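Notes follow once the structure below has been shown.
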Amino acid sequence: MKVQVLGSGTSIGVPEIGCRCPVCTSSNPRDKRMRCSSLITDGDVRILLDCGPDFYQQAFHFDYKPLDAVLITHVHYDHVGGIDDLRSFTRLSPIDIYADRNTTKALYERIPYCFGKTKYPGAPQIQLHELAPNRILRIGHLEVKSFRVMHGKMPILGYRIGNLGYITDMLTLPEESYKSLEGIEVLFINALRSKPHLTHQNLEHALAVANRIRAKETYLIHMSHDFGLHNEVEMTLPSNVHVAYDGLVVEF
Ligand SMILES: [Zn+2]
Ligand SMILES: [Zn+2]
C-alpha cells in the first residue's frame, strides 16, 4: 500500500496569509502545508482521503486515473471544499463518496446542483453514501472500517484501510476506537501545535495516543504554523514518529 500525502496543514494552511513568522517565511518546502488530504493506492485501487479546497492544486501531483472512492472525515470546509473539482476525475468514472450523516446532509445543501433532479450539466458525477462508525466497506480488494473520532464535542470519522489508520482533527479518541486500530502498521494522526487547543489535540497528546496505538510508524498531519519548523520538530520525536509533509510517500 502507498500513502501519498497531498496536504499536511491545518484549516488555514501554512503559510498563513499575511503572517511573517519564521515558519510562514521559511524557505524549506516542508514548511509549506496545503490543507489535509492523502491518496491511498494499493494495486489498481485508489482512494482519496478528504477533498479540501487545495484539491485542484494537489491533483497535479498524482496520476490522472479514476478514483475508486473518496472517504470524508467531516464536514469542515478544509476537508470538503474541493469536491466540485472532482469533476475532472468523474469524467473518467463516477465517484462514490463516503461520509457521516452530518456531512452528507450539509453537502446536499451546499452543492445541490450535483445531485437529483436539479443536477447541473457538467456537475461532478458523484454519489454520496452515508456511513456510520464501525462499518466495514469493500473498495476493490481493500477492507475499509470507519470508527468514531471526537473533534472537540463534534463526532467525526476516522478510517482504517487494511493496516493503515487515518485520524485527523481529533481531540479525543473513544475507547472503542482503539480496538478498531489494533495491529495497524502505519498511523497518520493530527498534531496541531505544542500548545493545547479546544478541538484539536496538540503534539504531546498525539504522541501519547500514538504510543498507545503502537503502529510501527506514525506520521503527524494537520499542523499549523505554531507547530514549529519541520526540521526542528522532527529532531525531537521518537524514532518511529515523523512529521509528515506535502509530497511525502509512505509505502508498506
Ligand atoms: Zn481540519
Ligand atoms: Zn506564521
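Here's a check for you: in region 141-192, which residue that is in contact (Cβ under 8 Å) with a residue 12 or more places away in the chain and part of a helix (DSSP H, G or I) is surrounded by the most Cβ atoms within 10 Å (Cβ to Cβ)?
SER177
I'd like to know if region 41-48 contains one or more residues that are within 16 Å of ligand 1 (Cβ to nearest atom) and in contact with a strand residue (DSSP E or B) (Cβ under 7 Å, 6 or more places away or on another chain). If you could, list the steps in order and put the result at the bottom.
As a first pass, look at region 41-48 and keep what is within 16 Å of ligand 1 (Cβ to nearest atom): 48.
This time we only want the ones that are in contact with a strand residue (DSSP E or B) (Cβ under 7 Å, 6 or more places away or on another chain), so: 48.
Yes.
If we keep just the residues of region 49-62 that are out of contact with any Asp or Glu (no Cβ under 9 Å at 6 or more places or on another chain) and without any contact (Cβ under 8 Å) to a residue 60 or more places away in the chain, which is surrounded by the fewest Cβ atoms within 10 Å (Cβ to Cβ)? Break it down into steps so the answer makes sense when it comes.
To start, the set of residues in region 49-62 that are out of contact with any Asp or Glu (no Cβ under 9 Å at 6 or more places or on another chain) comprises 49, 57, 60, 62.
Then drop every residue that is not without any contact (Cβ under 8 Å) to a residue 60 or more places away in the chain, which leaves 57, 60, 62.
On the way: GLN57: 15, PHE60: 7, PHE62: 14.
Top of the filtered list is PHE60.
Could you tell me how many of the residues in region 193-206 are out of contact with any strand residue (DSSP E or B) (no Cβ under 9 Å at 6 or more places or on another chain) and either surrounded by 14 or more Cβ atoms within 10 Å (Cβ to Cβ) or modelled with pLDDT under 95 (or both)? Before the answer, list the steps.
Let us first name the residues in region 193-206 that are out of contact with any strand residue (DSSP E or B) (no Cβ under 9 Å at 6 or more places or on another chain), namely 194-198, 202, 204.
Subset that is either surrounded by 14 or more Cβ atoms within 10 Å (Cβ to Cβ) or modelled with pLDDT under 95 (or both): 194-198, 202.
Within region 193-206, residues that are out of contact with any strand residue (DSSP E or B) (no Cβ under 9 Å at 6 or more places or on another chain) and either surrounded by 14 or more Cβ atoms within 10 Å (Cβ to Cβ) or modelled with pLDDT under 95 (or both) number 6.
Assuming LEU198 fulfils every condition listed in (1) free of Cβ contacts under 8 Å to residues at least 60 places away in the same chain; (2) assigned to a strand (DSSP E or B) apart from one, which condition is it?
Failing condition for LEU198: (2).
Please pick out the residue among VAL241, VAL233, VAL249 that is in contact (Cβ under 8 Å) with a residue 40 or more places away in the chain and of a type in the set (Val, Ile, Thr).
VAL249
What tally of residues in region 219-247 results from selecting those that are more than 16 Å from ligand 1 (Cβ to nearest atom) and either among the small types (Gly, Ala, Ser) or in a helix (DSSP H, G or I) (or both)?
Counting residues in region 219-247 that are more than 16 Å from ligand 1 (Cβ to nearest atom) and either among the small types (Gly, Ala, Ser) or in a helix (DSSP H, G or I) (or both) gives 10.
Got a number for residues in region 12-40 being surrounded by fewer than 18 Cβ atoms within 10 Å (Cβ to Cβ) and of a type outside the set (Lys, Arg)?
Result for region 12-40: 13.
Given (1) without any contact (Cβ under 8 Å) to a residue 24 or more places away in the chain; (2) in contact with a helix residue (DSSP H, G or I) (Cβ under 7 Å, 6 or more places away or on another chain); (3) not small (Gly, Ala, Ser), identify the lone condition not met by LEU128.
Condition not satisfied by LEU128: (1).
Name every residue in region 16-41 that is touching a residue at least 40 places away in the same chain (Cβ under 8 Å), within 14 Å of ligand 2 (Cβ to nearest atom) and small (Gly, Ala, Ser), in order of residue number.
SER26
Regarding region 130-149, can at least one residue be identified that is within 16 Å of ligand 1 (Cβ to nearest atom) and either among the small types (Gly, Ala, Ser) or touching a Gly at 6+ places or on another chain (Cβ under 6 Å) (or both)?
So far as region 130-149 goes, yes, one or more of its residues are within 16 Å of ligand 1 (Cβ to nearest atom) and either among the small types (Gly, Ala, Ser) or touching a Gly at 6+ places or on another chain (Cβ under 6 Å) (or both).
The values are calculated or read from the model by the stated rules, or taken from the named source; none is laboratory data. Given the structure is predicted, the values throughout are model-derived calculations rather than measurements. Here Cβ is always computed from backbone atoms with ideal geometry, including for glycine, and neighbour counts include all displayed protein chains.
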